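Input: a single structure, listed below in structure tokens.
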Amino acid sequence: MKYLKSKYKFPIFFIGVMIVVLSGFLNKFYVINLGQTEISVAIGFIILFLSIAL
Amino acid sequence: MNVNDFKNKYIPSEFLEFNPRLYAFIIMLIVGLSAFLIFPVKEISGYIDPFYSPTIFILPFVGLYRLTCYAYRKDYNRHIFKHPIGCDLKNRLDSMKRTYTGETSGLFKIENLHRYFLYVSILIVPFFYYDFYTSLFINNIFVFRLGSVLLLVNAIFITLYVLSCHSLRSLIGGRKDCYSCMSYGAGIKNLYDKQSWLNKHHEQLAWISLVFIIFVDLYLRGLTAGMPLDITFLKL
């Protein structure tokens, strides 16, 4: 059963990847601290896995 | 030469039309590669990250090998360029309006160099086994850990991916017309048949090896961050 239309899958996957990578960059350059980075990376991975699984 | 001639000659039509998937793919590629350069993994308790294995200078060759791979070509032609959508499809949706030139136009000509990237990749494969071997010893003491198992499985997947390559199939015997006319023809035919069986799984092996090498990289990044992920099976 597919819940997500395939045309929405790629943009959502892209947003998930961008959240994970950009939070890493922001942490590297001391814009956000480690706790905030963990939360944003977790959100990014959830979006990424949902885009693949749904 | 005016601008239109230059466009027609060097830039394939797929790159010129509005394609958000292509832009997203290029952005992910640039951001991902720059992340690898900004966040390198140092050697941790004998493990060497497969991405930084011999040197970072080999990455372009491995990247080009995967980019020109026949399995990935099918994927990006179908899912990113949507051109052609399916080889056996009579009604190719919008692709009927576009002239499909394959690997004969402009930038796509680089796909013909897959064979040479294969030669470089064959030279790189032994380094993955060397990394597995060095991970077995810490200060001359033999230790067998979960990370070593992952490095070995990764090396095996990459070996199978390289050995199932279409270019290697051509190199072994695909370019020959007559096996009985040549010396050792039966042996070459046997080898060719076995490689052809492996070649059928090239697409799966390409994706499995790519996902697994990223998994091993994340595992070693986890170890570097201090997560208790490693298990020691044997220590002598």
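The values are calculated or read from the model by the stated rules, or taken from the named source; none is laboratory data. Source: prediction; values computed, not measured. Reconstructed Cβ throughout: ideal geometry from the backbone, glycine too, with neighbour counts over all protein chains shown.
Points worth noting:
- For the stretch B:11-22, the condition holds for at least one residue, the condition being that it is over 23 Å from residue A:14 (Cα atoms) and out of contact with any Lys or Arg (no Cβ under 8 Å at 6 or more places or on another chain).
- Within the stretch B:149-161, residues that are within 21 Å of residue B:68 (Cα to Cα) reach partners that are surrounded by fewer than 17 Cβ atoms within 10 Å (Cβ to Cβ) and among the β-branched types (Val, Ile, Thr) with beta carbons closer than 6 Å, at six or more positions or on different chains, in the pairs B:157/B:208; B:159/B:125.
- Filtering the stretch B:40-59 to residues that are surrounded by 13 or more Cβ atoms within 10 Å (Cβ to Cβ) and either in a helix (DSSP H, G or I) or within 14 Å of chain A (Cβ to nearest Cβ) (or both) leaves B:41, B:50, B:51, B:52, B:58, B:59.
- Residues of the stretch B:167-190 that are modelled with pLDDT of 90 or more and of a type in the set (D, E, K, R): B:169, B:189.
- Those helices (runs of 4 or more DSSP H) lying entirely in the stretch B:147-235 with at least 3 residues surrounded by 14 or more Cβ atoms within 10 Å (Cβ to Cβ), β-branched (Val, Ile, Thr) and out of contact with any strand residue (DSSP E or B) (no Cβ under 8 Å at 6 or more places or on another chain): B:202-224
- Checking A:51, A:23, A:6 one by one, the residue that is polar (S, T, N, Q), crowded, with 17+ Cβ neighbours inside 10 Å and farther than 19 Å from residue B:40 by Cβ is A:51 and no other.
- Failed condition for residue A:11, given (1) at pLDDT 85 or above; (2) more than 24 Å from residue B:33 (Cβ to Cβ); (3) within 14 Å of another protein chain (Cβ to nearest Cβ): (2)
- Inspection of the stretch A:33-41 identifies at least one residue that is away from chain B (no Cβ under 14 Å), more than 21 Å from residue B:75 (Cβ to Cβ), part of a helix (DSSP H, G or I) and within 10 Å of the chain's Cα centre (by Cα).
- Answer from A:9, A:2, A:28 - the residue that is out of contact with any Asp or Glu (no Cβ under 6 Å at 6 or more places or on another chain) and free of Cβ contacts under 8 Å to residues at least 12 places away in the same chain: A:28
- Residue match in the stretch B:19-37 (condition: assigned to a helix (DSSP H, G or I), more than 14 Å from chain A (Cβ to nearest Cβ) and either surrounded by 14 or more Cβ atoms within 10 Å (Cβ to Cβ) or modelled with pLDDT under 80 (or both)): no
- Any hit, the stretch A:29-45, residues being under 17 Å from residue B:27 (Cα atoms) and polar (S, T, N, Q): no
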